[in-house]
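This report concerns only the one structure given below.
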Amino acid sequence: MKKKEHVIVGISGGVDSAVAACMLIEQGYRVTGLHIKVLDHSDDNLSLEESSLIISDRREYRFPVFSFNLSGSFRRDIIAYFQQDYVAGRTPNPCMVCNKLIKWKGLLKGAEILQAHRIATGHYARIDFKNGRYRLLKGTDRQKDQSYFLWMLGSEELSKTILPLGTLTKPEVRELARSFGVRSAEKKESQEICFVPDNDYRKFLQSSLPELSEKLKGGEILDSEGKVIGRHAGYPFYTIGQRKGLGISSPEPLYVRSLDAEKNRLHVGSKVMLECRKLIAGQVNWISIDCPKTPMRASARIRYRDTEESCCIVSGPENRAEVVFDKPKQSVTPGQAVVFFREDEVIGGGIIEEALAEPPLDSHQASSGKGTVKL
């Protein structure tokens, strides 16, 4: 490491980004903070403004903080995507898209403006360099690991990024915050989507798209045999696997199996009908490996808190892939991400486009990758 190498740290106001900045100062870097505003104006403004934000009460951990505005990009690339995905019958994950299109893009632009060498964030993940490639690795603290949300990043972005918290646990970060005199040391974490009040996406959709409820309410709810058994309030207000709030009676519990945006319908069925072994993913990004030309074994998760399951991945045209799990997954949801792992390494991922029902493969087929269909 070059002493006094200039690093731009994304400052959110929370404890993680503050500790990341203080750790870099400890390690001899010259640190500048950058706070990216996303909900202040109707358009972008890349003019840097000095911020009065003070991260630490200790003088040795004070550093300049600037801000600029990406509100226009955030509304176009994140909020509009969020709305459009729900209207299309998908369940979006705005945080992973924001990391790619707002946070990293904004920090790298800030580094360019401020003539800095690299950028840093407070994410719990790790980066290393092996066999001529930069690799994304899981954070040491498995309860806090955020590598799942960073699968969209490429080798070029990783090469310019430092993740100081990757080997730490949350309690260790809290303790460091106290030792650094960080003002946000005891600040509680927020798990909410920043632009959705009270984390109530239904209320957000109703207020931001006021015509949606009136246009879609009263659509059919169909059982597994295609029989109409009820009416819904609008398919965007339901998610795959949802059981409560369906307004239907049945001798057995029924769950939302799929959303049909074209026909304004909900399809429901028993819990076992939520199981799925195969999915199609789009917008696939390979991080440290080339797109595999033959079926590849890996493990994958279909949501942040999901358990990894062994699978076979078959790449297709137009950055698409078919993923066949060895064991059924529950509630595979279009719009969410399927992320691929090899032990601690995130090798890539994609957006789930479709869940495909399929009878189980035998062990020989699963291990050889046979039995999959070509895209």
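What to note about this one:
- Accessible-area value, residue 232, 1.4 Å probe, nucleic acids and ligands omitted, Å²: 10
- Sequence of 331, 208 from largest to smallest accessible area, 1.4 Å probe: 208, 331
- Placed amide H near residue 141: partners under 5 Å, 5+ positions off or other chain: 168
- Mean projected area in nm² (Cα convex hull; one quarter of hull surface) for the range 85-151: 6.6
- Mean separation of Cα contacts under 8 Å (6+ apart) over length of the chain, as relative contact order %: 14
- The range 73-91 and the range 189-214 have Cα centres separated by 12 Å.
- In the elastic network of the chain, a GNM with C-alpha springs shorter than 10 Å, the most mobile of 312, 194, 95 is 194.
- Largest accessible area first, the residues 149, 340 order themselves as 149, 340 under a 1.4 Å probe with ligands, DNA and RNA left out.
- Spin-label pair residue 191/residue 294, simplified geometry with 7 Å Cα→Cβ offset, distance in nm: 4.3
- Placing unit charges on the Cβ atoms of the charged side chains and taking the dipole of the chain about its Cα centre, the candidate lying farthest along the positive direction among 52, 151, 307 is 52.
- The charge dipole of the chain, taken about its Cα centre with unit charges on the Cβ atoms of Lys, Arg (+1), Asp and Glu (-1) only, comes to about 480 debye.
- Computed log₁₀ I(q)/I(0) - Debye formula, equal Cα scatterers, no solvent, the range 25-89, q 0.17, 0.19, 0.20 Å⁻¹: -0.70, -0.77, -0.81
- J(HN,Hα) series, the range 124-135, from Karplus relation 6.51 cos²θ - 1.76 cosθ + 1.60, nearest Hz, glycine and proline x: 8, 7, 10, 10, 9, 10, 8, 6, x, 9, 7, 10
- Radius, Kirkwood style, for the range 69-191 when every pair of distinct Cα atoms is counted (Å): 16.2
- For the Cα trace of the range 1-147, dividing Rg by the Kirkwood Rh returns an Rg/Rh value of 0.99.
- Helix 170-180 and the longest principal axis of the C-alpha atoms of the chain enclose an angle of approximately 20°.
- Dividing the summed -39500 (n - 2.57) terms of all DSSP H runs of n ≥ 4 by the residue count of the chain sets its mean residue ellipticity at 222 nm at -5000 deg cm²/dmol.
- Pairs from 203/227; 103/160; 271/329; 100/217; 100/160 whose Cα-Cα separation, in the structure shown, is over 23 Å: 203/227; 100/217
- Here the dipole of the range 165-265 is about 200 debye; that uses its Cα centre as origin and unit charges on the Cβ of Lys and Arg (positive) and Asp and Glu (negative).
- Neighbourhood charge, 14 Å Cβ-Cβ cut-off, centred on residue 249 and excluding it, Lys, Arg +1 and Asp, Glu -1: +2
- Debye intensity ratio in log₁₀ form over the Cα atoms of the range 1-51, taken at each q of 0.13, 0.24, 0.30 Å⁻¹: -0.38, -0.92, -1.15
- Anisotropy class of the range 158-317 from Cα gyration tensor, a/c 1.5 cut: oblate
- Once the Cα gyration tensor of the chain is diagonalised, semi-axes √(5λ) in Å: 39, 26, 18
The values are calculated or read from the model by the stated rules, or taken from the named source; none is laboratory data. All of these numbers come straight from a predicted model, not from anything done at the bench. All Cβ positions, even for glycine, are placed from backbone atoms using ideal geometry, and neighbour counts span all protein chains on display. Heads up: the accessible areas ignore ligands, DNA and RNA and are worked out on the full protein's heavy atoms, side chains in. Shrake-Rupley method; radii C 1.70, N 1.55, O 1.52, S 1.80 Å.
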